[in-house]
Every structure is written in C-alpha cells, then in structure tokens.
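The values are calculated or read from the model by the stated rules, or taken from the named source; none is laboratory data. Worth saying up front: this structure is predicted, and the values here are computed from it rather than measured. Every residue, glycine among them, receives a Cβ derived from its backbone with ideal geometry; neighbour counts consider all protein chains shown. We work out accessible area using only protein heavy atoms, side chains counted, and drop any ligands, DNA or RNA first. Shrake-Rupley method; radii C 1.70, N 1.55, O 1.52, S 1.80 Å.
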Amino acid sequence: MSTRYRRGLWAVCLSLCGLGGAAAQQKAHVHGVVTLDVAVDGPTLSVQLEAPADSLLGFEHRPRTAAQKQAAAQLQQRLREAAPWLRPNAEAACQLREGTVESALFDEGAPGKAEEDGHADVDAGYRFECRQPQALATLELGLFEAFPRMQRIEVQMAGPKGQAKATLRRPDKTLRLPAR
Ligand SMILES: [Zn+2]
C-alpha cells in the first residue's frame, strides 16, 4: 500500500470514523446535547449531568491560554454549586449535600485522552437530601440560560413510580418528575 493511499485512508477515517472511534472509548456525544440522569431513592435525589465540554466551554482540549484556564476553573466552581441551575421544587425541602465535577480537561497530569480523540465530556454529579421527597414534582433547570451553546437536554428519570424519559429544548426550564 502506498504511503499516499494510506494517508488518504487515514484522512477519510479521521473525518468519518471520528465519532465511531470516540464511541468505542466513551459514549458518543453530540455537541449541544446534554444528558441528565435523575434518580429518586427514599429521601435522596441524585442528578448526573454529562455534557460535551464544547457545550459548556466552547472547546474540548485542555486549557492552554490564561483565558481558557480561567474559564475551566470558573466552570468547575459553577457546576459544583448546582444552584441556580438545578432547583428541586421548594415543597420537597431538598438540600444539596454533595456536588462533584470531573473532566479529562481538568486533569493536569498525564496527556489527556481528550486531546487524543478530539472530544471531551464534563461530568457532574449531585446528591440532594429531601425532607419531603413525596412532594418532589419538578426540577427547575437554568442550564440553557447559563450555557448558550446547549440546545437539548435528554433526561432519564428513575424513581418509586418507575422510569421515564423526557427531552427539554431551549428555552424549556421545567423538568416534571413522574407523578407519584
Ligand atoms: Zn466533542
């Protein structure tokens, strides 16, 4: 096989197989589309967010410039706090007990996988404890306001009444949890 031909194949694969390659290593992501897993178990409300870094930051490589580093640090801080973009209805009396944010982009050490396959996610997880979990009815999401590049939120919910799915599109804000 000539070098030129091989290079040609490689170029085709870079453009066509890019998503497939990323999918084999992690779930494929589509820029602008965010997934949210919401689970209610007793008094505990858990929310997992998975977003393409592009939809939150506008880039998916590790921060290089001072401005990018600052944007990444601000994003971590912002996501860890959950409020004001993730608010259970007040009647449920939920309090955020734990918020975590992870991304290959935030790792300083080894070369980022993010840079190898060209895509990177940001994962955030939240645990709320609710004093009136039976009153949980909605989650107010401020994600579209906070992140202009976000277009759609695919939601999976699991709770005492089984599972449900929902799709929120800009500018929807209110996620209705399955009725109990
Ligand atoms: Zn991407």
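How large is ³J(HN,Hα) for each residue in segment 150-162, as worked out from phi by the Karplus curve 6.51 cos²θ - 1.76 cosθ + 1.60 (θ = phi - 60°), to whole Hz, x for Gly and Pro?
7, 10, 8, 10, 9, 10, 10, 10, 9, x, x, 9, x
Taking a 1.4 Å probe, which of 130, 94 shows the most accessible area, and what order do the others take after it?
94, 130
Which value, in debye to the nearest 20, describes the size of the charge dipole of segment 31-176 about its Cα centre when Lys and Arg Cβ atoms bear +1, Asp and Glu Cβ atoms bear -1, and nothing else is charged?
With only Lys, Arg, Asp and Glu charged at Cβ, the dipole is about 540 debye.
Could you list the residues of segment 32-54 with an amide nitrogen less than 17 Å from a label point located 7 Å from the Cα of residue 95 in the Cα-to-C-beta direction?
Counting only backbone N, you get 43-46.
Apply 1/(1 + (r/R0)^6) to the Cβ-Cβ distance of residue 161 and residue 48, taking R0 = 25 Å, and write down the FRET efficiency to the nearest 0.05.
Taking R0 as 25 Å, the efficiency between residue 161 and residue 48 is 0.80.
Just the accessible area for residue 29, please: 1.4 Å probe, Å², rounded to the nearest 10?
Number for this one is 20 Å².
Largest first and to the nearest Å, give the Cα extent of segment 80-172 along each principal axis.
46, 28, 26
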